[in-house]
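Written below as structure tokens is the structure these notes are about.
No lab work stands behind these numbers, since they all come straight from the coordinates. On a predicted model such as this, the values are computed, not experimentally measured, just so you know. Quick reminder, even Gly has a Cβ in these numbers, built from the backbone with ideal geometry, and neighbours come from all protein chains shown.
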């Protein structure tokens with residue numbers, strides 16, 4: 001026998017170790033969150049079943065036995081869902097049984113009411129009902145319910161009694177009724193196994209407690225409300241053993257099954273919320289306790305409201321502290337972000353101003369470069385003109401020195417011959433002037449066209465096609481072209497132009513006006529364009 005017990009305990013220890021190794025609490029939290037999100041579906045399913053029973057109840061009106069059975073079924077439908085509705089339908093059966101003097105059914109409903117009151121913290125009401133029942137006349141099945149109810153009642157009273165002497169007294173009463181149950185029920189019945197589990201856990205025999213718990217699990221469906229209760233007691237076993245992970249795991253499993261069964265009288269979820277709050281998982285704890293508080297208020301049992309309100313207050317305080325810390329952190333981050341944004345705007349503004357200044361400097365430099373290029377071009381042009389005309393001037397000076405020397409020799413010869421007055425009055429002097437003027441203009445034309453070879457072509461582009469100027473084959477430039485050639489060279493004064501070309505100022509003015517009127521651009525623009533001919 002001892003060997004068998006050792007083997008059994010060894011097996012249970014191995015099973016528990018394997019269970020610990022495969023547990024993933026985070027996956028349970030995820031499943032619990034998904035289940036809570038579908039709460040409305042599970043509630044609707046439960047309401048539908050209750051509605052079907054109520055419809056049958058309306059049809060059974062006047063039939064005592066059917067009405068009693070359906071009232072009991074409806075109260076079971078409301079079990080752990082709505083305290084007021086359970087009490088309502090049980091009280092209806094209480095009245096029916098009394099009216100029909102049905103002792104068995106009256107005792108049955110009295111025990112159900114006493115159990116309900118004990119679970120809800122209404123201990124005086126539960127005791128008053130228990131005192132109405134004579135256990136000596138109860139049949140076997142109701143006697144089991146009687147002992148179960150008394151055990152539950154005094155266990156609840158002991159749990160919430162702060163006086164140690166009173167606590168011990170009620171514990172003794174609970175154990176007394178447990179012993180009576182153990183005498184009349186098989187040792188492997190669910191209630192006996194639960195008694196053994198609680199006893200083993202209370203006396204720090206965790207392995208034994210888990211063994212009895214596992215035996216209970218094997219007897220119920222995993223979808224039933226009873227499975228939730230067994231899971232909850234398993235978490236208590238692990239709590240006694242100091243295994244927080246397993247405790248949270250089985251509280252989560254119990255809570256999942258509670259939500260799926262639309263159970264509103266649940267202790268697992270607010271207990272789990274309390275553990276999470278202690279660990280610092282405040283946000284998750286807050287979500288769970290808020291949900292637990294909502295379903296507890298819906299169930300509306302006085303004791304449950306009291307139990308969960310304390311946890312709610314504690315978790316809510318911690319949650320508010322967490323929110324306040326987050327708000328402080330957020331405010332600090334907002335201030336820092338604002339400061340950085342202001343600095344960034346200032347930096348962008350500074351960079352923009354510097355870029356604008358740089359662009360302006362580049363534009364000014366570009367303009368200066370253009371102006372310098374233009375000046376260089378003009379200087380080059382002026383140098384070319386200067387070089388050309390210096391050469392021409394020196395050549396003409398040499399030519400006219402030679403010519404004057406020849407003229408002087410001629411005059412001397414004529415003077416010796418006594419023919420000076422005749423020579424001076426002759427037409428040769430006039431012809432000599434015309435010849436010299438022609439030479440001057442020819443030299444000007446040649447020199448200018450060397451400087452601006454495309455002048456005639458470009459000049460004519462500024463005139464209308466029908467009035468374009470073409471010099472005779474015997475000359476390079478005519479009077480109009482020479483006039484504007486001088487303007488191209490920077491001689492704009494009509495009197496100076498007239499003096500050079502040996503025309504009257506009025507004639508020069510008329511030539512200028514005539515040509516400008518034939519231009520394809522405005523009069524002011526025309527001379528400006530002429531000045532640009534041949535420039536780089």
Would you pick out the residues in the range 217-245 that are surrounded by fewer than 24 Cβ atoms within 10 Å (Cβ to Cβ) and more than 25 Å from residue 38 (Cα to Cα)? 217, 218, 219, 233, 236, 239, 240, 241, 242, 243, 244, 245
Scan 265, 237, 258 and give me the residue that is within 25 Å of residue 85 (Cα to Cα) and in a helix (DSSP H, G or I). 258
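Hey, among 499, 492, 480, 475, which residue is under 15 Å from residue 453 (Cα atoms) and free of Cβ contacts under 8 Å to residues at least 40 places away in the same chain? I'd like the intermediate steps shown before the answer.
Working: 499 fails: under 15 Å from residue 453 (Cα atoms); 492 fails: under 15 Å from residue 453 (Cα atoms); 480 fails: under 15 Å from residue 453 (Cα atoms).
Result of the check over 499, 492, 480, 475: 475.
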Determine which single condition residue 48 fails, assuming it passes every other condition in (1) surrounded by 13 or more Cβ atoms within 10 Å (Cβ to Cβ); (2) assigned to a helix (DSSP H, G or I). (1)
Just give me the residues in the range 510-522 being in contact with a helix residue (DSSP H, G or I) (Cβ under 6 Å, 6 or more places away or on another chain) and either under 20 Å from residue 441 (Cβ atoms) or surrounded by fewer than 12 Cβ atoms within 10 Å (Cβ to Cβ) (or both), in sequence order. 511, 515
Checking residue 239 against (1) in contact (Cβ under 8 Å) with a residue 12 or more places away in the chain; (2) under 53 Å from the mean Cα position of the chain (by Cα); (3) closer than 29 Å to residue 161 by Cβ, only one condition comes out false. Which one? (1)
Taking the conditions exactly as written (assigned to a helix (DSSP H, G or I) and crowded, with 19+ Cβ neighbours inside 10 Å), does residue 171 satisfy them or not? no
Condition (residue is in contact with a strand residue (DSSP E or B) (Cβ under 9 Å, 6 or more places away or on another chain) and either closer than 17 Å to residue 444 by Cβ or surrounded by fewer than 18 Cβ atoms within 10 Å (Cβ to Cβ) (or both)) applied to the range 469-486: is it met by at least one residue? yes
